[in-house]
Amino acid sequence: MASGAQLIGQDILETLEMHTCLEPVRIIQSGYPNIEGTTILEKRQFVTKHLDHLRTRLICEPRGSRAMYGVIPVKPDLPNADMAVLFMHNEGYSTMCGHAVIALGRYAIDYGIVPAVAPETKVNIQCPCGLVTVFVEYSEGKSGRARFISVPSYIFSQDSQIELPGYGVIHYDIAYGGAFYAVALVTQFGLDLKTSGYEALRSAAASLTELLRKTIKLQHTDSDLAFLYGTILIDENDNTEEICNNFVVFGDAQVDRSPCGSGTTARIAIQFYKHNLKLGQQRMFTGPSGGKFIAQAVKEESIGAGKNGIIVEVSGHGYYSGMCRFSHESDDPFCDGKLMD
């Protein structure tokens, strides 16, 4: 009989499991190799080039799924950052993730990265898009709901249109909320966010993302951030007091279970610059799980070249769901994972 150490395999990776509105947050605790690079974007380039097998091992089956989302803590290079993180998903590495930073705010307090202060603790998290500040409620020894202030958001392309095979002419905006999203009214696809099937919605959004990635050239001061992350299918509630519904598809047709923090940030920018929202006016957003974020435009800020962006606050609640120890065996043909659906 083999010993327990032999049975468990090699290269143990330990993770802390959280979720925000059912969207996973798998935080690497130990076992990851050294990540080289002076800046956070250099570190992102390094993991993409040299450690991507660990992303697929942790995100894809059998240890994860198409819906899994992960966080790699790294050493910050900004002096006022309390921690820095890389985000990973089924296709690669994103530049911003609101649902994750909501959870990471609690994690930073509960795991001693930042001393807890009542009634609210400030946590500065360096993301690939820049510094994101999270404020976490803290009372009677327990962390709770969090709100984050993201990097300036703006509309990149407004009221554009494209012929999408199988759907016809689709009108869309592209907005930046730490990542770039195409935003399109779901009824244009002959679909409804409440009654249409999950796969039909996913296919429609993924189709628009795929076409726009081939035809639209995005611009950002950091070229590593100049890519279309995904598409948000929305309802017609932008200029009402009703809840705004998001169906966000990013990466390789990965559906965000939450309202999507960076996607919500992008939507607030669109609402503000289309005069459907005023500074300080709160809006509620919901995602496929039914979980909710509350967001508002806080202030305008220069983003250079004579243009302004909007600073957005998004709030939600992250929860702990467990801890994991992952291993692999050297002769396992699927040790680095695979997506099946």
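Under 8 Å for C-alpha pairs, at least 6 residues apart: give me the relative contact order for the chain, rounded to a whole percent.
The normalised contact order for the chain reaches 21 percent.
If you consider only alpha-carbon coordinates, what radius of gyration and Dmax does region 269-341 have, in Å?
21.0, 59
Roughly what would the spin-label model give for Glu199 and Lys142, points 7 Å off Cα along C-beta, in nm?
4.1 nm
Report the relative contact order of region 62-112, percent, no decimals, based on alpha-carbon pairs under 8 angstrom and at least 6 residues apart.
That works out to 27 percent.
If you wrap a convex hull around the alpha carbons of region 44-125, what volume per residue comes out, as a whole number of Å³?
104 Å³
Determine the alpha carbon to alpha carbon distance for each of Lys194/Lys274; Lys49/Lys292; Lys49/Lys142; Lys142/Lys274; Lys122/Lys307 and list only those over 31 Å.
Checking Cα-Cα distances, Lys49/Lys292; Lys49/Lys142; Lys142/Lys274 exceed 31 Å.
Tell me, what HN-Hα J-couplings in whole Hz come from the Karplus equation 6.51 cos²θ - 1.76 cosθ + 1.60 at θ = phi - 60° for each residue of region 18-32, using x for Gly and Pro?
9, 8, 10, 6, 6, 7, x, 9, 9, 9, 5, 9, 7, x, 7
Taking only the Cα atoms of region 258-301, how large is their convex hull per residue, in Å³?
64 Å³
If the viscosity is 1.306 mPa s and the temperature 10 °C, what translational diffusion coefficient in µm²/s does Stokes-Einstein give for the chain when Rh comes from Kirkwood over Cα pairs?
78 µm²/s
If you roll a 1.4 angstrom probe over the protein chains with everything in place, what fraction of the accessible area of the chain belongs to carbon and sulfur, to the nearest %?
Carbon with sulfur: 50 percent of the solvent-accessible area.
So, for region 226-341, what is the accessible surface per residue at a probe of 1.4 Å, expressed in square angstrom?
Spelled out: the 1.4 Å probe surface of region 226-341, per residue, equals 44 Å².
Viscosity 0.692 mPa s, temperature 37 °C: give me the Stokes-Einstein translational D for region 1-152 in µm²/s, with Rh taken as the Kirkwood radius over C-alpha pairs.
Answer from the Stokes-Einstein relation: 203 µm²/s.
When N counts the residues of region 154-307, how does its alpha-carbon radius of gyration compare numerically with 2.2 N^0.38 Å, as a ratio?
Its radius of gyration relative to the 2.2 N^0.38 Å reference: 0.98.
Cα-Cα pairs above 20 Å in region 220-288: how many percent?
32 percent
The values are calculated or read from the model by the stated rules, or taken from the named source; none is laboratory data. Worth saying up front: this structure is predicted, and the values here are computed from it rather than measured. Please note: Cβ atoms are built from the backbone with ideal geometry, for glycine as well, and neighbour counts cover all protein chains shown. These accessible areas exclude ligands, DNA and RNA; they are computed on the full protein's heavy atoms, side chains included. Shrake-Rupley method; radii C 1.70, N 1.55, O 1.52, S 1.80 Å.
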